[in-house]
Amino acid sequence: MLIKKIVCKVDAANAEAFAKAQSQWGALSHVNGFIKQAGGWRKTADGLFTAEIISVWENREVYEAFMENEHDSIYEANEQKTVIHSIEVELCEEDEPALHDLLHHPDIRYELGWTVLRA
């Protein structure tokens with residue numbers, strides 16, 4: 001199982017626009033090899049809003065095919081890139097127990113509209 005952790009810094013003025021754009025990733029539900037995505041806001045003290053999103057893929061091969069063929073069209077259509085101050089992406093191979101901890105972190109206020117499940 002491949003886990004993608006995305007951390008985005010967003011200034012307060014763009015937090016609502018980011019959240020709206022993040023809720024438009026529903027097209028993932030039909031992508032081959034996609035399993036689940038969830039995320040929300042992390043509490044921070046630096047004045048920026050920090051969004052954390054975890055997406056789960058069957059394996060690296062299907063994820064790389066998504067990145068090559070579908071990611072950019074979804075990302076550009078929702079105009080999310082215009083409101084992100086910075087972004088960090090981390091990929092790792094994990095097992096089921098580690099995934100549960102990532103998707104249920106106590107410091108993150110999960111947003112229901114950001115959750116996408118496989119169709």
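List of remarks:
- The chain: most fluctuating residue of 103, 48, 28 per GNM, C-alpha cutoff 10 Å: 48
- Estimated [θ] at 222 nm from DSSP helical runs (n ≥ 4, -39500 (n - 2.57)) normalised by residues in the chain, nearest 500: -7500 deg cm²/dmol
- Under the convention that each Lys and Arg Cβ holds +1 and each Asp and Glu Cβ holds -1, the size of the dipole of the range 2-117 around its Cα centre is about 460 debye.
- For Kirkwood radius over Cα pairs in Å, the value calculated from this model appears in (1) 14.5; (2) 15.9; (3) 13.7 under label (1).
- Cα-based helix-to-principal-axis angle, 60-69 vs the chain, degrees rounded to 10: 60 degrees
- Residues 57, 41, ranked from the fewest to the most other C-beta atoms within 10 Å, line up as 41, 57.
- Positive-pole candidate from 26, 74, 48, dipole of the chain, charges at beta carbon: 48
Taken together, the values in this text are just the output of simple stated rules run on the coordinates, not laboratory data. All values reported here derive from a predicted model rather than from experimental measurement. Neighbour counts are summed over all protein chains in view; Cβ atoms, including those assigned to glycine, are modelled from backbone coordinates with ideal geometry.
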